[in-house]
Amino acid sequence: MIKDNILNQKTKKSIENSIWGFILGDCWGVPYEFKRPSEIKFKKFNGFGTHNQPAGTWSDDTALMLCHLSSYNQGYYSIEKEKDNLRRFLNGGYSINNVLFDVGYSTKRSIIDADCDKSEFYGNGGLLRCWILAVSILNGMYNRKYLADSLGLTHSNSELHIEACEMYFSFLTNLWKNEKWTDQQLNDYRKRKQRPEIQQLDKDGTVFNAVIISIDAFFQNKSIEDVIKLGGDTDSNAALYGAIY
């Protein structure tokens, strides 16, 4: 549930900017996905790269976010509506010209077979769809079940996956409030990065890799272009960074 009426105008504008930053990062990163850094000659709104899509085309990352945003009715989240939206998504809904591409294996399999085992699904799809739930933190309405319900449609509900979302949300909401992470928060982040289970998952195409790239890039004063030039999962990484950039 999101009580829109209690959000002040500044916060609403921050949310709007984050959504647009996410979409732009996604569009800019699409042509370079899976390329090595040495292969990338970045140009804003380039087209016909990895996926042979026209300039300005967003990927499944933005489409999944739009699926989630369309799951609210008068401030209330409907899991049944999101299920319907995800089925539309597989048929090209929420995509440019109804063309679906680059959808992850775990996301696609979970939508087709709702009862499949998602316990080992650590891809970015859940975070890229659900980061907007940070709005509920600002409303004081955030709870783990709310996050787990939406994540659980396509990805693992494990403690580790949810923790990645919470880490990103914490950073994003502090920026919206124009507050820096405290020394304690920064130390906690550094410790989390070093945990063995996170080190194991900190590889291209996983939820923690995207979160860590985004937060580290911010502290290093990097641009979205710098993030894309890292190669790999360029659309996802640039989308998440665009939301906080």
Counting only Cα, what are the radius of gyration and maximum Cα-Cα distance Dmax of the range 1-106, in Å?
16.0, 48
Set LYS10/LYS83; LYS12/LYS108; LYS13/LYS177; LYS10/LYS145; LYS83/LYS145, cut-off 22 Å on Cα-Cα distance; pairs above it are LYS10/LYS83; LYS12/LYS108; LYS10/LYS145
Percent of alpha-carbon pairs separated by more than 13 Å within the range 169-208
60
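222 nm [θ] for the chain, helices only, -39500 (n - 2.57) per DSSP H run of 4+, per residue, to 500? Walk me through the intermediate numbers first.
Values: 13 runs with 135 residues, N = 245.
Helices in the chain give a 222 nm mean residue ellipticity of -16500 deg cm²/dmol.
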Net charge (Lys, Arg +1; Asp, Glu -1) of residues whose beta-carbon lies under 12 Å from that of ASN209, ASN209 excluded, is -2
What does the accessible area of LEU24 come to, in Å² to the nearest 10, when a probe of 1.4 Å is used?
60
Given the whole protein assembly as supplied and a 1.4 Å probe, what does the accessible area of ILE244 come to in Å², nearest 10?
10
What accessible area per residue, rounded to a whole number of Å², is obtained for the chain using a probe radius of 1.4 Å?
48
Could you state how much accessible area CYS116 has, in square angstrom rounded to the nearest 10, with a 1.4 Å probe and all protein chains kept in place?
10
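Could you pull out every whole DSSP H run in the chain that spans at least 18 Å of Cα extent along its own axis and averages -1.0 or higher on the Kyte-Doolittle scale? If you can, show how the numbers build up before the last one.
Numbers: long enough: 9-29 (30 Å, -0.40); 159-176 (25 Å, 0.38); 207-219 (19 Å, 2.01).
In the chain, the long hydrophobic H runs are 9-29, 159-176, 207-219.
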Describe numerically, in nm with one decimal, the distance between label points set 7 Å from Cα along Cα→Cβ at THR11 and at SER78.
2.5
With each label point set 7 Å from Cα along the Cα-Cβ vector, what nm distance links ASN174 and ASP117?
3.8
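Ranked from the most accessible area to the least, with a 1.4 Å probe and all protein chains present, what is the order of LYS177, LYS12? Walk me through the numbers before you get to the answer.
Values: LYS177 105, LYS12 60 Å².
Largest accessible area first, the residues go LYS177, LYS12.
Over the chain, with every protein chain in place, what whole percent of the accessible area is carbon and sulfur at 1.4 Å, could you tell me? Walk me through the intermediate numbers first.
Values: 5680 of 11720 Å².
Carbon and sulfur: 48 percent of the exposed surface of the chain.
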Between (1) 27, 23, 16; (2) 36, 19, 16; (3) 24, 23, 19, which entry matches semi-axes √(5λ) of the Cα gyration tensor in Å as derived from the coordinates of this structure?
(3)
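The values are calculated or read from the model by the stated rules, or taken from the named source; none is laboratory data. Everything quoted here is computed from the prediction, not taken from an experiment. Glycine gets a Cβ as well: all are built from the backbone with ideal geometry, and neighbour counts include every protein chain shown. Calculation scope for accessible area: heavy atoms of the full protein, side chains included, ligands and nucleic acids excluded. Shrake-Rupley method; radii C 1.70, N 1.55, O 1.52, S 1.80 Å.
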